[in-house]
Each structure stands twice: as structure tokens, then as C-alpha cells.
Amino acid sequence: MTDTAVIDGAGTAADAVYDMVVLGGGSGGYAAALRGAQLGLRVALVEADKVGGTCLHRGCVPTKAILHSAETAEAIRHAGVVGLRATLEGVDMPAIQEYKNSVVARMYKGLQGLVSARGIDVISGWGRLVAADTVEVGGRRYRGRNVILASGSYSKTMGQEISGPVLTSEQALELDHVPASAVILGGGVIGVEFASAWASLGTRVTIIEALPHLVPNEDEAISKQLERAFRKRRIDFRTGTRFESVERSDGGVQVRTADGAVIDAEVLLIAVGRGPATANLGLEEVGVSMDRGFVLADPYGRTNVPGVWAVGDIVPGVQLAHRGFAQGIAVAERIAGLSPEPVDDVKVPKVTFCEPEIASVGLSEARAAELHGAENIVTSQFNVAGNAKSQILGTQGFVKLVSLKDGPILGFHAIGTRMGEQIGEGQLIVSWEADANDVAALVHAHPTQNEAIGEAAMALAGKPLHNHG
């Protein structure tokens, strides 16, 4: 294997045929490259920006850093509840940005070290597929026995010009001040995370969501609990409401909704999801099957063009970094001759890092009823009011399990402070098809929020301990 080279797209490195040329250095792409190199494959990784992609530089990691600053502000604001005399003197947004950027920089440095240690050739520049086995970068062509498409996603804009007070998450992450007021268009994951962070930092927030509930992809019970929590936090939201237009003004924006309402705010954050970044990559010309910009691939990541694979946000399904990691690893292993299991979107865990946090994996109650018949589905729910650690943290919420009657647990759903940390057991329960008695028999440490999972399982098994049943 060659030593790692970072090659300019217009460079003159010797011609070579790689085992894998990966187009895109985000979560799915770099995971494929790392695993492929680990398995002895010769790998080239093409990236126009920085390895790590949206998640590391403009998404998951910086967002959660800002959310941690917001969580700390809330803790100080409510310190008196736990007997501490503390006051929040103010929010220093440039200092928060410095903290956020330092986290990203450390993670980026670590990733660069991993890529270097694996002997991966990093090709710097905009790549384009010009043949089933060839990616062109800056006029130079790189051939691969396999090409993995991993170009990621972009923020949708609803046709609005992104400038000044009209933002997407990328611009919102770089603000040098806390906006006094904000309208957030979209009540999904991105929207509620920014709403939570900004509200904690002092912003007056209004969310506009066209569907009947916030976080509409979650179990309805989760959505309703989040809405109760947001009302308590004085985060305004208007569900079942469609956006009509936005006008810029000296003071910020005027947002109009289809029901005739007008909302004035300093900024408008458009958080209506992400689209596949596949334009101008030559995919259609090579014959790769597409659907509204998404690359169509089978469960193993294979496209209709032999030797061309696709992973991550460009493949229809849940757009999550860890799904991209898993798909990239699986494709690299298959190329290397192994037989990994395909990634099942239903079993991909989801965490929304608002306050309270949401964690889920598997089927919602409604989806389970749709697939198996409502008469064959049973559920249990443990309210964390009966959980000591949740009382200590001052949180409200619950753990809900969705199960087949006398069968495996199909879905895990939780909401409450730090509940994202419980997703690991939730995933194991669903992925290993545990039933209520399997989980109820486990000993859950006290006092932890993890106990809430055991309590929900005991209730499902017909032997509730700390709840009524």
C-alpha cells in the first residue's frame, strides 16, 4: 500500500487503478475509505472541501456544541432549584463560536490522522463521474475498480434567497450574536434543535410546521410530549400551518403564513430538510438510475451500473450520519469480499438533541399497527416521574415500547433530559428482537434513567413495579 498523498486535482501523480475511488469525504465516504483501506484495498478519497463533510463541519458536531452551551445556560438559570446561587450574566456568542470551532478542529485533526494512517490518497477538488470506473478531478482522471458515490446533501431553501436575515442551518451556526427573535420554518429535527438552543440563549422563537405535529416522523406520543415541554419553555409553535412568503425589512423579516398571519422576527431559519447533492456529478450521463436527485441503490448499496455504489444521504431513506457510516463500512466490506448484512433503516437509531431529548428506534405504534394490525400490537409506557434520576434532573417524559402480542419488541421511543444516551439499549432490544420478558429480566442500575427501560419492559410483561398496572 502506498503512503498517503493529498493530491491537488490538477496534480501529476502517476496513473493508477484503485480498488475504490470514493466520491465525497463526508460520513459515508470516509467510513468506506477507512474500512476499505483497513481491509487492504487501495483507496482514493475525493473531496472538494474538508474530509468530514457536513456532519463534522456544518452539521451534527457544531450543532451539538452550541446545544451544550445552551444547556449550560439553562442549568445556570435554574441553579437555585438545586440550592446554588448563580446568575447568568450574559451570552458571549463569539466565545461560544470559539468553543464550537475548537471541538470541530480537534475532531478534524483526529480524522485527518486516521485517514493518513490508513494510507488513503486524498484527492482535493471537485470530482465528477465520467465513466463507470473513472472520476475526473481538475482535468485529471482517477480510475477505480469500484466507485462509491457519497456526495452528501444540502439544505433545502423553499426557493428563497439565502442572505442577510434569511438563513439555513449553515449560516445559523456562524452567527456572531444571539438573535432577539427567530421564525423557524420546519418542526423536524433541525428546526426543534435550533429552537431549543436559541430559546435557552434568550431568543424568542416561533416554529412553523405544515404537518399536524412537531417532529412528525416520531411516534405521536413523543410529538405531543415535546409540544407540552416547548409550551412550558415558552417556545411558540404553529402546527398545521403553511408558509406563504417572507419579506426582508430593516429590522429583519416579516413572515406570512397561508392562514393570513404575519410574524415579525430578526431572522428566518429555513429548516425543511436536506436534498441529495448529486447535481453536476455526471451521474445521469453514465446511466446511474436516479429519482428526484436521489441515487437508487439496492440494500447492499449497488446501483444499476456495475461497479458503482452509493451510500449516505444521496440514497433514499433516513438522512443520518451514522446510517452513512454503517452503509460505507458495509459497501467497503462487500467490495473486499466479505458478506456484511445490509443496513436496515428501521433499525437505525435516531436522537433529536433538543431539550427534552428524543430517542427512538424501530416502529412507531401507528406504523406497527399498519404493518401487523392494531389488534396484534401492545404497548407500555413508563412515565419518568417515577424515576429517581429523572426527578434529580428535573425532567419530564417517558419510555414507550411497542411490541407484537406475545412477540418481539418492535419499537423503542423515549423523551426526557439526556434520554439520547439510552438509545444503545433501545437499539439492542429492537435489533435482537427481544421480548418483554427478556428485557424485564435484566438488572438496570439504580438510580439511573436507564431504569425507565426496565420499568417499561416489566409493565409490558404484565408485572409493573414502580407504575400502576
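Values in this text are rule-based calculations from the coordinates and carry no lab data. Since this is a predicted model, take the numbers as computed values, not measurements. As a convention, Cβ positions derive from the backbone with ideal geometry for all residues, glycine included, and neighbour counts pool all protein chains shown.
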The stretch 210-316: equivalent-ellipsoid semi-axes (sqrt of 5 x gyration tensor eigenvalues, Cα, Å) | 38, 21, 11
The chain - charge dipole about Cα centre, Lys and Arg +1 at Cβ, Asp and Glu -1, debye rounded to 20 | 440 debye
Could you check what % of the DSSP bridge pairs in the chain are antiparallel, to the nearest 5?
-> 60 percent
At 37 °C and 0.692 mPa s, what whole-number value in µm²/s does Stokes-Einstein give for the translational diffusion of the stretch 212-274, with Rh from the Kirkwood sum over Cα pairs?
-> 247 µm²/s
R0 = 35 Å: FRET efficiency of Lys156 with Glu375, Cβ-based, nearest 0.05?
-> 0.35
Karplus-derived 3J(HN,Hα), 6.51/-1.76/1.60, for each residue of the stretch 26-43, Hz, glycine and proline x | x, 4, x, x, 6, 5, 4, 5, 4, 5, x, 5, 4, 8, x, 7, 8, 10
Most exposed to least, judged by fewest other Cβ atoms within 10 Å, Glu218, Glu247 sort to Glu247, Glu218
Which cross-chain or sequence-distant (5 or more) residues have an amide H under 5 Å from the amide H of Gln396, H modelled 1.01 Å from N in plane?
-> Thr417
Globularity ratio of the stretch 356-460, using Cα Rg and 2.2 N^0.38 Å = 0.99
Would you mind ranking Trp432, Trp309, Trp198, Trp126 by Cβ crowding within 10 Å, fewest neighbours first?
-> Trp432, Trp126, Trp198, Trp309
How do Glu174, Glu375, Glu193, Glu421 rank when sorted from fewest to most other Cβ atoms within 10 Å of their own Cβ?
-> Glu375, Glu174, Glu421, Glu193
Disulfide-incompatible cysteines by the Cβ rule (no partner under 4.7 Å) in the chain | Cys354
Remind me, what semi-axes does the stretch 1-157 give for its equivalent ellipsoid, largest first in whole Å, using sqrt of 5 times each Cα gyration tensor eigenvalue?
-> 41, 15, 13
Can you tell which of Gly119, Ala75, Val104 lies farthest toward the positive end of the dipole of the stretch 65-130, using +1 and -1 charges on the Cβ of basic and acidic side chains (Lys, Arg; Asp, Glu)?
-> Gly119
Based on DSSP H runs of at least 4 residues, each adding -39500 (n - 2.57), what is the mean residue ellipticity at 222 nm of the chain after dividing by all its residues, to the nearest 500 deg cm²/dmol?
-> -9500 deg cm²/dmol
Tell me which lysines have Cα within less than 28 Å of Lys405's Cα, excluding those fewer than 8 residues away on the same chain?
-> Lys224, Lys347, Lys350, Lys463
Taking only Cα atoms of the chain, radius of gyration then Dmax in Å = 23.7, 72
Apply the Karplus parameterisation 6.51 cos²θ - 1.76 cosθ + 1.60, with θ equal to phi minus 60°, to every residue of the stretch 286-293 and state each ³J(HN,Hα) to the nearest whole Hz, in sequence, with x for glycine and proline.
-> 7, x, 5, 5, 10, 9, 6, x
So what's Rg/Rh here for the stretch 166-272, counting alpha carbon atoms and using the Kirkwood radius for Rh?
-> 0.94
